[in-house]
Amino acid sequence: MAATKIEISGPKSLFSNEFLCNSTTLLVSRKRRTVKVRMPVAATAAFSAVQMEAKLIELDSIKVIPETPVQFAVSGQVTVEYDAMEQMKELMFNWWDSSKTAIDARRGVFLQLVSSDIDPWMGKAKVSKEAILDWSRDLPINADKFVTHEVQFLVDGNFGVPGAILVTNKNSKEFYLKSITLEGFLHFDCQSWVQPEKFHPEKRIFFTNKAYLPNETPMGLRELREKELRELRGNGEGVRVLSDRIYDYDVYNDLGNPDKGLEFARPDLGGQRRPYPRRCRTGRPSTNLDPKSESPANEMMPMYVPRDEAFSDGKRRTVDAGSRKGMMNNLFPSFKHSIEGDPINSFADINNLFKESRNRSSFPVESTADAFKFDPPNIVSREASCCLRDDEFGRFTLAGMNPISIERLKVFPPVSKLDPSIYGPTQSALREEHLISHLDGMSIQQAMEKKKLFTLDYHDVFLPFLSSINAHPNRKAYATRTIFLLTQFGTLKPIAIELSLPSMNPFKPSKQVITPPVDATSNWQWQLAKGHVCSNDSGAHELIQHWLRTHACMEPFIIAARRHLSVMHPIHKLLHPHMRYTMDINARARELLINADGIIESLFSTKESSMEITSLAYKNWRFDMESLPADLIRRGIAEQDPTEPHGIKLLIEDYPYANDGLLIWSAIERLVKDYVNHYYPDSNSIRSDSELNTWFYESINVGHADLRHETWWPKLSTPDDLVSILATLIWISSAKHAALNFGQYHYGGYVPVRPPYMRRLIPNEDDPEYSNFVSDPEGYFLSSLPSLKEMTFLLSVLDMLSTHSDDEEYLGDRKELSTWRGNPEIIEAFYRFSMEMKAIEKEIDRRNSDPKLRNRCGAGVAPYQLLVPFSGPGVSCRGVPNSISI
């Protein structure tokens, strides 16, 4: 039998040239293989030359038996996170159970590479053989938090470029997969918990860092891309467990607990009667008394968030440490002031809650007496017998804890929008005679034309709920309006406060106006009035501006993004850092903060009406007004002006929140514009992106279903539309939330200056309490404040909420730039953005040293630092994290 050698060339390389240009470690040499073709022993003369050639071709096509294709070994590094304590337990268990190896030979983590190419014979993506990691008998107990393991994959020579990895966890516990790197340059940024196969049998899918629009996805990855998204979507059924990664929607029907008592029942939020954004569905069973209400979380059925949304160990430790610190700080004063009505005899009693000023020596020593006291808030003055000064009152509306409620006065007297048949006359009690002596010689009309009058108006927010609030013996509130004059120095001066109550008695006025003092009695009336305004402002800040407009309104966009934007999608990659931890902190809020008898109801005037107030406010929420420029224009604080650096002109030139915020807003907008224009050159590219359009559609029509028919929702038709939408979402998640959250302890920690609620109304001359007020006005004021026990609880909560964790990621810190390795223009855009954040920090420092800016610089005036981009851990009153993480 004769034999003929035929040379067959192997593939030029395992990966495409695009990747090979970055690596020299792969086996890329050409291979030569030899196969034998059976030939006939003899050829008769009957065969013509043509027939012979045809016969040879037939033999080539039928009789060639190829050898096993050439295979390559591809090295990889798998980085996982270790919990040293848990690993020690497992190591000891495995050592004790020495027979386990024989019983369970397939323990470990199984990995398979998936090619970006389709196998032409099978019609499916090419998949490598399984590689196995088994670290259970060699656990690095003393290793760092993250440990890297070596692994090798065997792939055929024509495998192509790996685009995904399938991971199966055959161990008994979940593990955190941080990343996988092939041959030192092909990266998979996993950042996910992988559950044991016995609980979640589906193989986990992880894609390379390279971003792909849906229609550009390599053929070998398209099915996996769709499969991964299907697994993340819920169907509105089933009880979610902590290991799930399912994203679905529900109304806020889990805030009450009617089974505990009817006083703990709360109405559902979400629907035509009480509109509200949607939350992540948990599927817990309903309560016994109300089938529409979801039962509270408990130890047997803890609060669910999708597993990868949960706090990291570092973040959880920070929150837990803050809770313990608060408990200790709260414990000893609570023992001392254990009686709820324990009187406050002087401002010294309140000041005694705080440590003495820090020792200026090189080795400060904390006294035993100070060990369980609170750090003094360093923003507000704490002078003896000091309430809120007028200059501080005006300054805090522009550079305080809630700088986004101030509006320009456009109509005088102000007019209510509430139903007069229910809430009484819409006219205000404010008249020109209340203001004229404080207008520096101007009339009301002149002051309004010169845009010098501004207002904090909480009349319509609180009036519908005052009967319920004031029914509590230790809660008393008004619906307030405050008028400010913009002075020649650029500061705001309060010149009148209107206090309204429900119209119960037709013979007794329900509205009164308090003006700046002219004597001792009116001085204390003025101080009490400012206390009630701050009580309104504290509730509006925490419930509406902070919780509703950042936390609650962002969650639907996050749920929709996880459900419809693949992790490969460039917009998902852009938004991912700005979604970190938000769903976890919102779930914790439903469990502890905004629930029936929770922290908000305990510490603020609004009590059980708290969340209904936010539902009423949600009716007036508009996404198209949430960008900083649009918000400033809506409130009448700014006007469009194309000659100005940011396209708008501020009517209050020294407005620290707006001045600093516009720097950050413009930087965000530039970054997003560069990014979007790279992937979407025209409107056709927007319209053809099915994932993008489905995400935005569902965010509106399901996530914000109660407002879905509003005409103000922005369209998504052009790249500019997308830039505006994304910049707004990033702004809300980062700078806006930071400005509202991280100053809570220092701006709100000294209760006489900013009480969260008041316990007494301002007495009129015909009230029985008036004589007590006149004889001891300071005592009356102090008795109007929360008790010392409640103050310590408030301080503990504010301290925890104002704390940056050790693993905080700040605006400008983009960690996964390898995603855009092949797109230098994107990397350059992120680099420019990071440099801008550093420049903004320097500019804010400069402004805080400018004596002409009286709202942020001056004797005893604390610098405004809430929008300084970076911070260390702890309560710093500065720093802009990427996301709503606390």
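The values are calculated or read from the model by the stated rules, or taken from the named source; none is laboratory data. Predicted model only: the values in this text are computed from it and were never measured. All Cβ positions, glycine included, derive from the backbone under ideal geometry; neighbour counts span all protein chains shown. Note: areas computed on protein heavy atoms with side chains; ligands, DNA, RNA excluded. Shrake-Rupley method; radii C 1.70, N 1.55, O 1.52, S 1.80 Å.
Observations on the structure shown:
- When restricted to residues that are assigned to a loop (DSSP other than H, G, I, E, B) and either out of contact with any Gly (no Cβ under 9 Å at 6 or more places or on another chain) or surrounded by fewer than 22 Cβ atoms within 10 Å (Cβ to Cβ) (or both), the stretch 854-874 contains 13.
- Just one residue in the set PRO570, PRO556 is more than 18 Å from the chain's Cα centre (by Cα), under 30 Å from LEU232 (Cβ atoms) and not aromatic (Phe, Trp, Tyr); that residue is PRO570.
- Helices (runs of 4 or more DSSP H) wholly inside the stretch 308-414 that include at least 3 residues being on the phi < 0 side of the Ramachandran plot, at pLDDT below 80 and in contact with a helix residue (DSSP H, G or I) (Cβ under 7 Å, 6 or more places away or on another chain): 313-336
- Options LEU255, LEU289; residue that is part of a loop (DSSP other than H, G, I, E, B), free of Cβ contacts under 8 Å to residues at least 40 places away in the same chain, touching a helix residue (DSSP H, G or I) at 6+ places or on another chain (Cβ under 8 Å) and closer than 28 Å to SER602 by Cβ: LEU289
- Within the stretch 446-473, the set of residues being among the polar types (S, T, N, Q) and touching a helix residue (DSSP H, G or I) at 6+ places or on another chain (Cβ under 9 Å) comprises SER468 only.
- Within the stretch 642-656, residues that are closer than 22 Å to PHE484 by Cα and at pLDDT 95 or above reach partners that are outside any strand (DSSP E or B) and β-branched (Val, Ile, Thr) with beta carbons closer than 8 Å, at six or more positions or on different chains, in the pairs LEU650/ILE637; LEU651/ILE637; ILE652/ILE637; ASP654/THR491; TYR655/ILE637.
- Residues being open to solvent by less than 30 Å² (accessible area, probe 1.4 Å) and in contact (Cβ under 8 Å) with a residue 40 or more places away in the chain - total across the stretch 488-501: 8
- Enumeration of residues in the stretch 782-792 that are touching a helix residue (DSSP H, G or I) at 6+ places or on another chain (Cβ under 6 Å) and either open to solvent by 30 Å² or more (accessible area, probe 1.4 Å) or farther than 27 Å from PHE372 by Cβ (or both): LYS789
- The residue that is farthest from MET442 (Cα to Cα), among those in the stretch 470-484 that are touching an Asp or Glu at 6+ places or on another chain (Cβ under 9 Å) and buried (at least 22 other Cβ atoms within 10 Å of the Cβ), is TYR478.
- The requirement of being loosely packed, with under 14 Cβ neighbours inside 10 Å and assigned to a helix (DSSP H, G or I) is not satisfied by LYS815.
- Number of positions in the stretch 818-845 that are open to solvent by 60 Å² or more (accessible area, probe 1.4 Å) and either touching a Ser or Thr at 6+ places or on another chain (Cβ under 7 Å) or under 12 Å from VAL868 (Cβ atoms) (or both): 3
- Residue within the stretch 509-523 that is more than 33 Å from the chain's Cα centre (by Cα), open to solvent by less than 10 Å² (accessible area, probe 1.4 Å) and closer than 20 Å to LEU439 by Cβ present: no
- Of note, GLY108 does not satisfy the criterion of being in contact with a Gly (Cβ under 9 Å, 6 or more places away or on another chain), at positive phi and either surrounded by 13 or more Cβ atoms within 10 Å (Cβ to Cβ) or modelled with pLDDT of 60 or more (or both).
- Residues of the stretch 691-713 satisfying the condition of being of a type outside the set (Ser, Thr, Tyr) and open to solvent by 70 Å² or more (accessible area, probe 1.4 Å): ARG708, HIS709, GLU710
- For SER179, the test of being assigned to a strand (DSSP E or B), on the phi < 0 side of the Ramachandran plot, touching a helix residue (DSSP H, G or I) at 6+ places or on another chain (Cβ under 6 Å) and hydroxyl-bearing (Ser, Thr, Tyr) is failed.
- Restricting the stretch 613-657 to residues that are more than 19 Å from SER724 (Cβ to Cβ) and of a type in the set (Val, Ile, Thr), the residue that is surrounded by the fewest Cβ atoms within 10 Å (Cβ to Cβ): THR643
- Remark: GLY238 falls outside the filter, which requires a residue to be modelled with pLDDT under 95, open to solvent by 10 Å² or more (accessible area, probe 1.4 Å) and more than 28 Å from the chain's Cα centre (by Cα).
- Applying the condition of being crowded, with 20+ Cβ neighbours inside 10 Å and not hydroxyl-bearing (Ser, Thr, Tyr) to the stretch 674-690 and asking which residue is farthest from ARG230 (Cα to Cα) yields VAL676.
- Taking every residue in the stretch 216-245 that is touching a residue at least 12 places away in the same chain (Cβ under 8 Å) and more than 24 Å from TYR679 (Cβ to Cβ) and pairing it with any residue that is open to solvent by less than 20 Å² (accessible area, probe 1.4 Å) and of a type in the set (Lys, Arg), at least 6 positions away or on another chain, the pairs with Cβ-Cβ distances below 7 Å are VAL239/ARG284.
- Taking helices (runs of 4 or more DSSP H) as the structural unit, those lying wholly within the stretch 568-647 and holding at least 1 residues that are touching a strand residue (DSSP E or B) at 6+ places or on another chain (Cβ under 7 Å) correspond to 582-588, 610-618, 628-634.
- Taking (1) open to solvent by less than 10 Å² (accessible area, probe 1.4 Å); (2) free of Cβ contacts under 8 Å to residues at least 40 places away in the same chain; (3) within 15 Å of SER566 (Cβ to Cβ) in turn, PRO196 satisfies each apart from (3).
- Qualifying residue in the stretch 658-673 (condition: open to solvent by less than 10 Å² (accessible area, probe 1.4 Å), within 30 Å of ILE469 (Cβ to Cβ) and touching a Lys or Arg at 6+ places or on another chain (Cβ under 8 Å)): no
- In the stretch 701-716, residue farthest from SER690 (Cα to Cα) [restricted to those that are in a helix (DSSP H, G or I) and aliphatic (A, V, I, L, M)]: LEU707
- In the stretch 425-449, the residues that are more than 12 Å from LEU485 (Cβ to Cβ) reach residues that are surrounded by fewer than 17 Cβ atoms within 10 Å (Cβ to Cβ) and at pLDDT below 95 with C-beta atoms within less than 7 angstrom, at least six apart or across chains, in these pairs: THR426/PRO420.
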